[in-house]
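The values are calculated or read from the model by the stated rules, or taken from the named source; none is laboratory data. As the structure is a prediction and not an experimental result, all values here were calculated from the model. Ideal geometry is used to build each Cβ from the backbone, glycine not excepted, and the neighbour counts take in all protein chains shown.
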Amino acid sequence: MAEYKNYILVCGGTGCRASRSSELVEELNKQLKIYQLENDAKVLTTGCFGFCEKGPNVKIIPDNTFYTRVKPEDAEEIVKEHILKGRKVQRLLYLDPDTNKHISDDKHMEFYKKQVRIALRNCGFIDPENIKESIERDGYAALGKVLTELTPEQTIDIILKSGLRGRGGAGFPTGKKWAIASKSVAKPKYVICNADEGDPGAFMDRSILEGDPHSVLEAMAICGYCIGAEHGLIYVRAEYPLAIHRLQVAIKQAREYGLLGNDIMGSGFNFDVELRYGAGAFVCGEETALIHSMEGKRGEPTLKPPFPAVHGYLGQPSNVNNVETFANVPIIILKGADWFSSIGTATSKGTKVFALAGKINNVGLIEVPMGTTLREVIFDIGGGMKNGKKFKAVQTGGPSGGCLTEKHLDVPIDYDNLKAAGSIMGSGGMIVMDEDNCMVAVAKFYLEFIVGESCGKCSPCRIGNMRMLEILTKICDGKGTMDDLYELRDLAHVIKDTALCGLGQTSPNPVLSTLDNFWDEYVAHVRDHKCPAGVCKNLMEYHIDPAICVGCGACQRNCPADAISGEKRAPHTIDQSKCIKCGTCREKCKFGAISIQ
Amino acid sequence: MDLIKLTIDNVPVEVEPGTTILKAAEKVGIKIPTLCYMELPDVGVINNPGACRMCVVDIGGPRLFPACATTCTPNMVVKTNSPRVLNARRTVMQLILSDHPADCLLCAKNDDCELRKLAAEMGVHELPFVENCKQSHYKKSTSPSINRDQDKCIMCRRCETMCNEVESVGAIGAINRGFNAVVATAFERPLVDSNCVFCGQCVAVCPTGALTEVNNNPEVLEAIADPTKTVIVETAPSIRAALGEEFGLEPGTLVTGKMVAALRRIGFDYVFDTDFAADMTIMEEGSELVDRLTRVAKGDKSVKLPLFTSCCPAWVNFCENEYPEMLDNLSTAKSPMEMFGPVAKSMYADKLGIKRENLVVVSVMPCVAKKFERQRPEFSKDGDSDVNIVITTRELARLIKINNIDFKSLPDEDFDAPMGESTGGAVIFGNTGGVMEAAVRVAYELVTGKKPEKVEFDEVRGFEGVRMATIDFAGTPVNVAVAHELRNARKLVEMVKSGKYNLAACEVMACPGGCIGGAGQPFHHGDSNILIARHNAIYREDENKKCRRSNENKQLAEVYKEFLGKPLAGRAHELLHTRYFDRHRI
């Protein structure tokens, strides 16, 4: 990338595009033309930078200037000041909340300091729609090495020794999976990429596909070589139009470069990739359900064994890996198993990508070495809690995960520690909650999701989750009893014990982990009929303190339910039978006279 | 291979590799409860989606595993009755019951409900969940054959397995997600608007009252009560081999005489045998086969071979839906039931001196598709159906009970004449391969002019899905094929279409084992020994018959002589043959 003096990298991830980054690119190009700088600087649309909180993000290289919240209107200033005059636009630089100073370089930003980017190594650095840029950053070099220097067995051995485990949730050793699939004798075999990212708020896989599709294609080809497959299939949700587009472009370019298709690099190895679109069912992330969906059948899991490695797509041996798992493969081949296994903990090697969300300052996509603590993730990288609120819980692993608390903050993140703490790694969703979140309501929220997304095949998941939801609703409505809490726990354990697939077996996790960690909050709902966080509407009442109320009438005027009455300049009162607990009165009161009880 | 050693509830057991925990437990007298699981090994039917989770057992893992679908491994330690297992099983049952209507007293399946029985065995009498917890509701629907009340569906998926895998029809499948998931037709359209062939195998295996046959008993009682009507009844070949089960008799007990006696006591004016009509079918279909073979031999290119049987109404529906291009291969001979109707309503009504519309023909069939067949417009005259009412074996049993008849103590009685005589050839219509064997018994003589040396043709018997045989017609080899279950019919049709097989005749029955496994028969509840017992009983009845070839039926010969004329011609052609319609949808 040395043809131009400057490169302006604009994040082209879905989040930044939603904040007009495409317009920004157009505007930057326009301004470069106006200032006749087209030969000095080139604008590139890249994949996600990860710092979504402050998007759209723009990075200028070679000096690594990192601009945040850039609007199309800022394009002229960037071109005129930075590109033409070499002066950084101060107001667009990231403002460090601790020092209150502008930071010009992402390397010095807390958000990036502790991150190690392996799976995301190319995201935000290359134009994903230009294969040349991928190749310049060693794209397809690993495939070349594998095809020319290594046998399938040697390659599998590298992956096995690297300690790479499945990033889709369960953490099955990838090398072992490949070894099993390679031993199946039936032909044809299939390499399947699971891009059915279904956790609410998770966008790890989408970002990789949008930012670095070639690494996934390359890894699939390597896997095909290892297990003896010539066909690759990517099952991607139809709701990911940008990822689909970039995959289509990448597949086309890879074919043109002879990196997919017949006789790749003259090695005699054939491999090609096709896309399959999913309709977005959460359960289709489960590999057998995914395979059935690809076959045109109802997306529902079947019993394992037989495992896909023996009886998969169309009844043929198939190896299913998640996007992030694949994205790790090429660099492991190039840098070696020892390098990879030197990162991480005893049982979990390498890094993990997380989608940070919730009540946290730096919402975004991060990648950290296994073993990083939740505290580092939330308070250092994540920038701590929003609005100075108190940390209450973090939900890891999506709807199948659990809610961890203050006491878990120093747990080094890896598959086994999270499981021991009552949650799961899952695909990497991480939602941070503060004191305003009611944990009973949180459990109910996740269960609502599960009830909607269960395939309905096995009785515990189909009916049991509905029964748990009913109990939680009853508790949130203030009608719960202590018996309900015990029944809830028993039911949760039975569902975990008896459900058919991973979805059902993990669906009680939000309930069990909140019961374990927030028992007092449940008891408060049941025994005291109070929601300590002030979330459950049926358990709270708005009251006007007559000592504070000046009788301005603002609350009365704004109440949508006509529930407030009172004489002018005299304390007002709320008719609880009419109150719909919308909270408008409290917002409108300038005197802080209205409280929740 | 070495046997696998394991213990189940501390009892050591040795099994072949691949054996499920469920089967291994059975070996040592441990009966693990099941609900969705169903297997009929002899006819190649298995449903083990592991969906209900009733059979979960503890094998020491982090969770419980379904015994029906988990295979034994060496040194496995299985607990089927630990507190953890019992609690899980009980909770799962409570969950299923919590989403099931509690109207057992009024349910059509009442005493036959596997869910109710299992819940009773487990002693589940209360639900610990939120009071008035949500139940799923779906639109009830009906059809000429099958009632569907999916509120009672427990998602065992047996019906789906029968429809999709065993019958390869695919009219029903799971729809919706989560709590609303249910087995339904595409877009929840009525069955009549789907590609359902009404074989009713979904009904035959449904453990609850979600799928039941349409009850036509009230119409029978009404007709009998009407003094202006003469009500006659015909009973299909396979009824006599199964009806006794409804009264506690051993499966395979032949109850022909008691059945006739019961029908008289119910109040039918005349009791006839569909077997008589089955002999008639053989005369027509056998003649048609010989005719086609002769014309082909003469070089007539317009003749289609092989000739497919047309007795099974579900197969006819299937052929019309899926293979309209094969309709010319279907024998134009009507099914025995539909031959009986018009003959009774013309010849016999005349004989009795009553008007056609005052003669009510009731058919007792092992089948729910017959209810559909009955209402086909081509099987009626001036709006009056040739067969007015079809009831199943199960409905007949209820009718007998309603009429206060102690079935077991009844004397044996004989059918009425002239449509009561039958040969062994007609009886074996009830078994897969029976129509073909009966046809061969007669066609041999029609072709060669000689009686065959043997009367039993073992080569077309058995339970294999598709059976091929070459019959030596005194030096001329004739290739025939038999298929039961529509998946095998599909296979057979595809084989025929491939042009690689030089077949003269093919028999198809939709139900596993033929009519003995019909959807109107007493519920087998997954016990294939019952099907085998009925199968053997049918052949026993054949062996006991004095005449075993349809052309030896004297009453029938008389009817041909006096009324019908010759097979394929004249009145026989007019009354006993039909046509088919292209009903291909997609």
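A compact table of results
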{"read-out": "A:G464 vs. criteria in a helix (DSSP H, G or I), facing chain B (nearest Cβ under 8 Å), within 28 Å of the chain's Cα centre (by Cα) and at pLDDT below 95", "value": "no"}
{"read-out": "Count of the stretch B:127-148 residues which are more than 13 Å from chain A (Cβ to nearest Cβ), touching a Lys or Arg at 6+ places or on another chain (Cβ under 6 Å) and over 17 Å from B:T208 (Cβ atoms)", "value": "2"}
{"read-out": "Only one of A:K496, A:K457 that is in contact with an Asp or Glu (Cβ under 6 Å, 6 or more places away or on another chain), at pLDDT 95 or above, more than 21 Å from A:G201 (Cα to Cα) and among the basic types (K, R)", "value": "A:K457"}
{"read-out": "Condition check for A:T481: in contact with a Lys or Arg (Cβ under 9 Å, 6 or more places away or on another chain), within 12 Å of chain B (Cβ to nearest Cβ), surrounded by fewer than 24 Cβ atoms within 10 Å (Cβ to Cβ) and more than 30 Å from A:I360 (Cβ to Cβ)", "value": "yes"}
{"read-out": "Verdict on B:E285 being assigned by TED's automatic domain parsing to the domain that holds B:N551 and either at positive phi or in a helix (DSSP H, G or I) (or both)", "value": "yes"}
{"read-out": "Hey, A:K145 closer than 27 Å to A:I366 by Cα and in a helix (DSSP H, G or I) or not", "value": "no"}
{"read-out": "Output for the stretch B:161-195, where each listed residue is within 26 Å of B:L40 (Cα to Cα) and in contact (Cβ under 8 Å) with a residue 60 or more places away in the chain", "value": "B:T161, B:M162, B:E165, B:V166, B:E167, B:S168, B:V169, B:N195"}
{"read-out": "Candidates A:K530, A:K537, A:K474 - the one that is within 14 Å of chain B (Cβ to nearest Cβ) and either at pLDDT below 95 or in contact with an Asp or Glu (Cβ under 7 Å, 6 or more places away or on another chain) (or both)", "value": "A:K474"}
{"read-out": "Residues of the stretch B:164-194 satisfying the condition of being touching a helix residue (DSSP H, G or I) at 6+ places or on another chain (Cβ under 8 Å), part of a helix (DSSP H, G or I) and more than 14 Å from every other protein chain (Cβ to nearest Cβ)", "value": "B:V166"}
{"read-out": "Residue in the stretch B:52-68 that is among the charged types (D, E, K, R) and part of a loop (DSSP other than H, G, I, E, B) present", "value": "yes"}
{"read-out": "Residue check, A:N321 within 21 Å of A:M204 (Cα to Cα) and either more than 14 Å from chain B (Cβ to nearest Cβ) or small (G, A, S) (or both)", "value": "yes"}
{"read-out": "Checklist (1) assigned by TED's automatic domain parsing to the domain that holds B:V508; (2) in contact with an Asp or Glu (Cβ under 9 Å, 6 or more places away or on another chain) applied to B:L396, failing item", "value": "(1)"}
{"read-out": "Inter-residue pairs, beta-carbon under 8 Å, first within 11 Å of chain B (Cβ to nearest Cβ) and in the stretch A:499-511, second assigned to a loop (DSSP other than H, G, I, E, B) and polar (S, T, N, Q), 6+ apart", "value": "A:A499/A:S507; A:L503/A:S454; A:G504/A:S454; A:S507/A:S454"}
{"read-out": "Identity of the residue in the stretch A:104-129, at pLDDT 90 or above and aliphatic (A, V, I, L, M), that ends up surrounded by the fewest Cβ atoms within 10 Å (Cβ to Cβ)", "value": "A:V116"}
{"read-out": "Residue match in the stretch B:107-126 (condition: modelled with pLDDT of 95 or more, outside any helix (DSSP H, G or I) and within 14 Å of chain A (Cβ to nearest Cβ))", "value": "yes"}
{"read-out": "Candidate set: the stretch B:464-488, residues that are within 24 Å of B:C319 (Cβ to Cβ) and of a type in the set (D, E); chosen: the one surrounded by the fewest Cβ atoms within 10 Å (Cβ to Cβ)", "value": "B:E464"}
{"read-out": "Count of residues meeting criterion [of a type outside the set (V, I, T), surrounded by 21 or more Cβ atoms within 10 Å (Cβ to Cβ) and more than 15 Å from B:F318 (Cβ to Cβ)] in the stretch B:179-206", "value": "5"}
{"read-out": "Qualifying position, being in contact with a strand residue (DSSP E or B) (Cβ under 8 Å, 6 or more places away or on another chain), more than 24 Å from B:A397 (Cβ to Cβ) and within 13 Å of chain A (Cβ to nearest Cβ), among B:R84, B:R90", "value": "B:R84"}
{"read-out": "Members of the stretch B:52-73 found to be among the basic types (K, R) and more than 9 Å from every other protein chain (Cβ to nearest Cβ), listed by number", "value": "none"}
{"read-out": "Test for A:I118: is it closer than 21 Å to A:S342 by Cβ, hydrophobic (A, V, I, L, M, F, W, C) and outside the structural domain of A:F271 (by TED's automatic domain parsing)", "value": "yes"}
{"read-out": "Odd one out for B:M122, checked against (1) touching a Phe, Trp or Tyr at 6+ places or on another chain (Cβ under 8 Å); (2) farther than 27 Å from B:F318 by Cβ; (3) in contact (Cβ under 8 Å) with a residue 40 or more places away in the chain", "value": "(1)"}
{"read-out": "Pick from the stretch A:306-353, criterion more than 28 Å from A:A289 (Cβ to Cβ) and among the small types (G, A, S), ranking: surrounded by the most Cβ atoms within 10 Å (Cβ to Cβ)", "value": "A:G344"}
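Condition check ((1) among the polar types (S, T, N, Q); (2) more than 29 Å from the chain's Cα centre (by Cα); (3) loosely packed, with under 14 Cβ neighbours inside 10 Å; (4) more than 9 Å from chain A (Cβ to nearest Cβ)) across all residues:
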| position | (1), (2), (3), (4) |
| --- | --- |
| B:E16 | no, yes, yes, yes |
| B:G29 | no, yes, yes, yes |
| B:I32 | no, no, no, yes |
| B:M38 | no, no, no, yes |
| B:V45 | no, no, no, yes |
| B:G50 | no, no, no, no |
| B:N75 | yes, yes, yes, yes |
| B:K79 | no, yes, no, yes |
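Here's the yes/no breakdown for (1) of a type in the set (G, A, S); (2) under 25 Å from A:G428 (Cβ atoms); (3) in contact (Cβ under 8 Å) with a residue 60 or more places away in the chain:
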site: A:G166; (1), (2), (3): yes, yes, yes
site: A:S184; (1), (2), (3): yes, no, yes
site: A:V216; (1), (2), (3): no, yes, yes
site: A:I222; (1), (2), (3): no, yes, yes
site: A:Y225; (1), (2), (3): no, no, yes
site: A:L260; (1), (2), (3): no, no, no
site: A:S267; (1), (2), (3): yes, no, yes
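Here's the yes/no breakdown for (1) touching a Pro at 6+ places or on another chain (Cβ under 6 Å); (2) of a type outside the set (D, E); (3) more than 14 Å from chain B (Cβ to nearest Cβ); (4) within 24 Å of A:Y140 (Cβ to Cβ):
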position: A:G296; (1), (2), (3), (4): no, yes, no, no
position: A:P306; (1), (2), (3), (4): no, yes, no, no
position: A:H311; (1), (2), (3), (4): no, yes, no, no
position: A:T325; (1), (2), (3), (4): no, yes, yes, yes
position: A:I333; (1), (2), (3), (4): no, yes, yes, yes
position: A:D338; (1), (2), (3), (4): no, no, yes, yes
position: A:T347; (1), (2), (3), (4): no, yes, yes, no
position: A:N361; (1), (2), (3), (4): no, yes, yes, no
